[in-house]
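J.: Take this structure, written in structure tokens, and hold onto it; I'll ask about it next.
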Amino acid sequence: EIFQLKYALTASNRGNMILGITTLFHTFFVSCCDDVKKNKDYNDKILSIAENFGVLVSGVIGDAKYIHKYLEKNKTEYEEAFNRPYSLSSAIFDIHKIYSQTIFNSKTRPFGVNLILGGYDSTGPNLFSFIPDAKIEKKDSAPFL
């Protein structure tokens with residue numbers, strides 16, 4: 001049992017409820033906040049990465065801001081190197097990479113944040129969830145008829 005990972009999972013679950021929803025043509029983010037006056041970071045739960053996708057976070061907001069800055073830096077480097085927009089698949093790879101680095105490096109602690117990456121690409125709207133143990137789960141959308 002890895003105690004740092006257990007602590008990160010507990011810390012990430014202490015955050016407010018977050019919800020990502022996909023329809024046939026859209027992706028929606030919802031974040032609940034008990035008391036706006038008590039929770040000063042209520043507006044830092046939904047973070048934009050690119051024009052077509054963003055992240056929704058719950059847990060340790062400092063960790064979420066660090067991941068957000070990391071993604072913004074990678075986005076800039078990607079766009080300069082390849083001369084095209086930052087893709088959803090590149091963001092998934094980068095998020096998995098940073099989560100994995102904190103688990104396998106003995107000098108760092110795992111992030112205490114649950115993260116939902118949502119947006120659209122050529123395949124349509126997509127949702128992916130990331131938890132502190134670096135597990136990625138693609139959320140399937142069921143079309144409403």
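The values are calculated or read from the model by the stated rules, or taken from the named source; none is laboratory data. If you're wondering where the values come from, they're calculated on a predicted model, not measured in any experiment. With ligands, DNA and RNA removed, areas are computed over all heavy atoms of the protein, side chains included. Shrake-Rupley method; radii C 1.70, N 1.55, O 1.52, S 1.80 Å.
J.: Hey, can you grab everything whose amide H is under 5 Å from the amide H of ASN16? Only 5+ residues off in sequence or another chain; H modelled, so Pro and N-termini drop out.
T.: Amide H neighbours of ASN16: GLY59.
J.: Can you tell me how much longer the chain between ASN16 and ILE46 gets when fully stretched, taken as 0.36 nm per residue apart minus their C-alpha distance, in nm with one decimal?
T.: 9.6 nm
J.: When the solvent-accessible surface of protein heavy atoms is calculated with a 1.4 angstrom probe, in what order do THR123, THR108, THR22 fall, highest first?
T.: In descending accessible area the options line up as THR123, THR108, THR22.
J.: Tell me which residues come under 5 Å, amide H to amide H, from GLY112 once H is placed; ignore anything under 5 positions away on its chain.
T.: Amide H neighbours of GLY112: VAL60.
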